[in-house]
Amino acid sequence: MTDAARPKALPTKRKLVTQIASPVDHPWGVHEFLEINPMNQRVRGHLENMRGAPRCGAKTRAGSACQSPAINGRKRCRLHGGLSPGAPRGPRNGNYRDGSWTLEALEERQWLRSLVSTFAKPESTS
């Protein structure tokens, strides 16, 4: 039989696991291919966690909300000020005047308003 007349081999079943073309260098000099496994539940769980992360929401120049994930413990992403700790508090801030707008002063005024509204008696029309 000639090569042209020889029947071709049936294709083998392919694994669901594909390999990235570039090898990864390990510190001890071993080359290994990274595997992408769509059935790996750990990776799927990490992706679900990332998809469920709170979003930045800052208004972009296009007018829509930013869809980048917010920094942990912050409301904005790294591009919209999430990494910035903000201005210094109290007298260390250059715009500090007399302390009437500090968090403590605002909380005290709010407490006084709630106290006055609690004990204020509405006038009865009898």
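Bear in mind these aren't lab numbers, they're just calculated from the coordinates by the rules spelled out. Fair warning: this is a prediction, and the values are worked out from it, not measured in the lab.
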*Long-range amide H contacts for residue 55: which residues qualify at under 5 Å (H placed 1.01 Å from N, peptide plane, sequence gap of 5 or more or a different chain)?*
70
*P(r) of segment 77-126 over all Cα-Cα pairs, binned every 5 Å from zero, in whole percent*: 4, 16, 13, 12, 13, 12, 9, 8, 5, 4, 3, 1, 0
*asked:* Quick one: 3J(HN,Hα) in Hz for segment 46-61, Karplus 6.51/-1.76/1.60 with θ = phi - 60°, rounded, Gly and Pro as x.
replied: 5, 5, 5, 4, 5, 5, x, 5, x, 9, 5, x, 5, 6, 8, 5
